[in-house]
1. Report the net charge of residues surrounding Val5, where surrounding means a beta-carbon distance below 13 angstrom and charges are Lys +1, Arg +1, Asp -1, Glu -1.
2. Taking the Cβ of Thr229 as the center, what net charge do the other residues with Cβ under 12 Å away carry, scoring Lys and Arg +1 and Asp and Glu -1?
3. Could you identify which residue out of Ile57, Ile279, Ile36 has the top mean-square fluctuation in a GNM of the chain using Cα springs shorter than 10 Å?
4. May I ask for the angle, rounded to the nearest 10°, between helix 174-183 and the longest principal axis of the chain, with both axes built from Cα atoms and the value confined to 0 to 90°?
5. Can you give the charge dipole size of the stretch 2-299 about its Cα centre, rounded to the nearest 20 debye, using +1 on the beta carbon of Lys and Arg and -1 on the beta carbon of Asp and Glu?
6. Using a 1.4 angstrom probe on the protein heavy atoms only, could you order Leu11, Leu19 from most to least accessible area?
7. Taking every DSSP beta bridge with both residues inside the stretch 2-299, roughly what % is antiparallel (nearest 5)?
8. Can you pull the accessible area of Tyr120 for me, 1.4 Å probe, Å² to the nearest 10?
Amino acid sequence: MKYLVIGAGGLIGSRFVELSKKGDKILSPTEKKLDITNGTSVAKYFKQNKDKFDVVINFAAYTNVDGAERQRGNKKGIVWRINVDGAKNVAEACQKYGKFLIHISTDFVFPGTKEKPGPYSESAKLPEKMGGIAWYGWTKLVGERKVKNANKYVAIVRTAYPFRAALYKQKLDFARNILSLYDDAKLYPMFADQKMTPVFIDDLVKVLKKIVRLKKGGVYHVVTSDSTTPYEFASYLLEKARGVKGVVKKGSMEDFLKAPGRTPRPSLGVLDSRKTQKILGMRFRTWKQVVNEFVRQLKE
Ligand SMILES: NC(=O)c1ccc[n+]([C@@H]2O[C@H](COP(=O)([O-])OP(=O)(O)OC[C@H]3O[C@@H](n4cnc5c(N)ncnc54)[C@H](OP(=O)(O)O)[C@@H]3O)[C@@H](O)[C@H]2O)c1
């Protein structure tokens, strides 16, 4: 398969590239060569390279949730320009050149509040108003809408709390952060009242490849088949990876979010992936199974 991978230097995109087969041809331009916020740059890149790829995966995004919040409401800011305008530019170019597009999105498009809690199915209605959604989530939501409007041939893949065993030096993922905090004796209490569905990035990559083989558009949820809490996840992970029990203290996300100046986050943001599994004929692993796999790979 011939891919154009945008955001190939990121946490998820780089693992996609690492796990691709020798037979796959991958174009992975840096932001300098293909800046998705610049419609002219995108159009030019597609025109010049259109024969070198059939499928586009857009992993590029502004992903720093707290950083994004500082630009709340700013449609000229870099968060909007990447997550909304950039997503649209890529979708339009794919539509123009008939390329199958996978656009990556997030559980942060849902409020995940007590009033409107998950689990959210693939067909769950997205909020019409920003309300208490983080700016990051809102820009990803508007990005999804723009992508759908621009392109009939698109798969939108929502995922959450990605982690990988293969080292990624630029940032710590959800699981590695817990290990690092524990190793540095800085482990803080983990939320016991937050419900979430993480994803092992290697599993996500397999699912993306399957979607590419089927070339079937729609909305997909790619996460573990069951949900957990950060407290439960951290306790199990530390038991398996470090052989310690009872070292994690319980924290409350509800209390944490009450403090002034906090960025809103889904505390009940579970993604339901049953429809995705059915459509793709795949069975996703449970969160404990993927922690086991993560630890196995770490020890290799
Ligand atoms: N990480 C999470 O917790 C998480 C959870 C759920 C969903 N997601 C979604 O998964 C996708 C990938 O996330 P990630 O964590 O792998 O992201 P990441 O590590 O932050 O990487 C983002 C990538 O986007 C590139 N990029 C930024 N601005 C660009 C631009 N203007 N033009 C072209 N490329 C640009 C970056 O390149 P440079 O490094 O060169 O700037 C980087 O390679 C995103 O859509 C994100 O919303 C992430």
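The values are calculated or read from the model by the stated rules, or taken from the named source; none is laboratory data. Since we're looking at a predicted model, the values are computed, not measured. Don't worry about glycine lacking a Cβ; one is built from the backbone with ideal geometry, like all the others, and counts go over all protein chains shown. Only protein heavy atoms, including side chains, enter the accessible area calculation; ligands, DNA and RNA are left aside. Shrake-Rupley method; radii C 1.70, N 1.55, O 1.52, S 1.80 Å.
1. Details: positive: Lys2, Arg15, Lys25, Lys33, Lys52, Lys99, Lys209; negative: Glu18, Asp24, Glu31, Asp54.
Local charge sum for Val5: +3.
2. Values: positive: Lys195, Lys250; negative: Asp193, Asp226, Glu232.
Residues near Thr229 contribute -1 overall.
3. Ile279
4. 40
5. On the way: 57 positive and 28 negative charges, 192 e Å.
Using only the charged Cβ atoms, the result is roughly 920 debye.
6. Values: Leu11 20, Leu19 70 Å².
So, going from the largest accessible area down, we get Leu19, Leu11.
7. The antiparallel proportion sits near 5 percent.
8. 20
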